[in-house]
Amino acid sequence: MFYLENENTFGMGLALIKVVENRHSKYYLFTLLGILLTIVCSTSAQAVARATYLYNLSGFTGTIRYNWVRPFVDKERNEIYIANGQDQSVRIFNENGMEVYAFGDDENLSGMLDGAVDKQGNIFILTIKYDNGLPRNEIVRCNFRGEPTSTIEIKDFPPEFSTSAIHRLVYMKGSLYLANLVSKQIVVTDANGHFKKGYDIAKILNLTEKEKEELNIVGFSVAPDGSIFFTIPVLFTAFKLSPDGQAQPFGKKGSAPGKFNIIAGIASDDRGYIYVVDKLRSVVMIFDKEFKFQSEFGYRGPRPGNLIAPNQLEVDGKGRVYVTQSARRGVSVFQVKYD
């Protein structure tokens, strides 16, 4: 239960007292106070979350005016990486949001799409090349300075899974999760690119041929237990895909808090809370493990702490939420705390 809902409970108590005052009845007093006590007790055991705007990711000259970029988190070192496909650069920021290192803008990282980092600080960069007009992905392994050390060949794939046109990359506990957002296929490999497991989302969701053509995945992330979260905006739905391939949908269409309009990025934190971006409403919504809406933050506007067409997000190990957006607004950072 979130803070504003507790305020509503307090307001309900005042309303009940007014009713009692009007009726001048001890019977109603004890009955209504008993109801109020039940409400308070039922909500007090649940966590209260507060989202506070902290800052935007910055360099020595101020906020870095990113448009939609790809963030990825290094939880071991409390750093956030930003992969910017427009200038083929990767910038690294410390836990205070200040840039500490940058690399890229060279031939090795041309066609950069996404990135990830392992516990040892090795960096994986997903790129796309074109041979005679046909796409070909490469994963470049770099050391902690961003210097390429090897190229990972994606291999041993079954024929039903394509190795081309991969758009997203996530590293989690020794595995690489590769997502083709258009064909709606997700492949899991080891750290050297050997096929381990694959998910055909279109088959899992029983999509029609028309839906296969029209629907794309936009948000994509992986939880520590191997669960995969993704969003399909046209369906106004987010999904949790368990490691055994069972998909659980959640979300409903609408413009009220907790409803989905044009959704985009999705991520989860170490406590199991799920964060979903609504691009049109310019908010980040929070859901619990049971997919129950808890609260939201952001809101459309030019002020610090507001968002303009947010797109992707990441959550680090300390409850900081990094949100990318448009209009050269950069990456906004929020602190979410649960009391």
Quiz item: How many residues are in contact with a Leu (Cβ under 7 Å, 6 or more places away or on another chain) and of a type in the set (D, E, K, R) when one looks only at the stretch 209-239?
Solution: 0
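Residues checked against (1) over 25 Å from Thr127 (Cα atoms); (2) at pLDDT 75 or above:
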| position | (1), (2) |
| --- | --- |
| Leu4 | yes, no |
| Ile39 | yes, no |
| Arg77 | no, yes |
| Asn96 | yes, yes |
Quiz item: Hey, does the stretch 172-193 have a residue that's over 25 Å from the mean Cα position of the chain (by Cα) and surrounded by 13 or more Cβ atoms within 10 Å (Cβ to Cβ)?
Solution: yes
Quiz prompt | Residues within the stretch 210-239 that are assigned to a strand (DSSP E or B) and among the small types (Gly, Ala, Ser), tallied | solution = 2
Practice problem: Please work out if Ser242 is in contact with a Leu (Cβ under 8 Å, 6 or more places away or on another chain) and either closer than 21 Å to Ser332 by Cα or small (Gly, Ala, Ser) (or both). | Solution: no
Quiz prompt | Residue identified as farther than 17 Å from Val331 by Cα and out of contact with any Asp or Glu (no Cβ under 7 Å at 6 or more places or on another chain) among Phe260, Phe236 | solution = Phe236
Exercise. Only residues that are in contact (Cβ under 8 Å) with a residue 24 or more places away in the chain and surrounded by fewer than 20 Cβ atoms within 10 Å (Cβ to Cβ): list them for the stretch 255-268, please.
Key: Ser255, Pro257, Gly258, Asn261, Ile262
Practice problem: Filter the stretch 237-276 for residues that are closer than 20 Å to Gly198 by Cβ, of a type in the set (A, V, I, L, M) and more than 15 Å from the chain's Cα centre (by Cα) and give the result. | Solution: Ala247
Quiz item: Can you name the number of the only condition in (1) in contact (Cβ under 8 Å) with a residue 40 or more places away in the chain; (2) of a type outside the set (Ser, Thr, Tyr); (3) in contact with a strand residue (DSSP E or B) (Cβ under 6 Å, 6 or more places away or on another chain) that Arg141 fails?
Solution: (1)
Quiz item: Mind checking which residues of the stretch 219-247 are of a type in the set (Val, Ile, Thr) and buried (at least 20 other Cβ atoms within 10 Å of the Cβ)?
Solution: Val222, Ile228, Thr231, Ile232
Practice problem: Under 9 Å between Cβ atoms, at least 6 apart or on separate chains: pull out the pairs that start in the stretch 270-296 with a residue that is assigned by TED's automatic domain parsing to the domain that holds Glu76 and on the phi > 0 side of the Ramachandran plot and end on any residue that is assigned to a loop (DSSP other than H, G, I, E, B) and among the charged types (D, E, K, R). | Solution: Gly272/Asp288; Gly272/Lys289
Exercise. Evaluate the following for Phe250: is it of a type outside the set (Asp, Glu), surrounded by 21 or more Cβ atoms within 10 Å (Cβ to Cβ) and closer than 23 Å to Glu314 by Cβ?
Key: no
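The values are calculated or read from the model by the stated rules, or taken from the named source; none is laboratory data. Since the model is a prediction, treat every value here as computed from it, not as a measurement. Cβ coordinates were reconstructed from backbone atoms using ideal geometry, including for glycine residues, and neighbour counts include every protein chain displayed.
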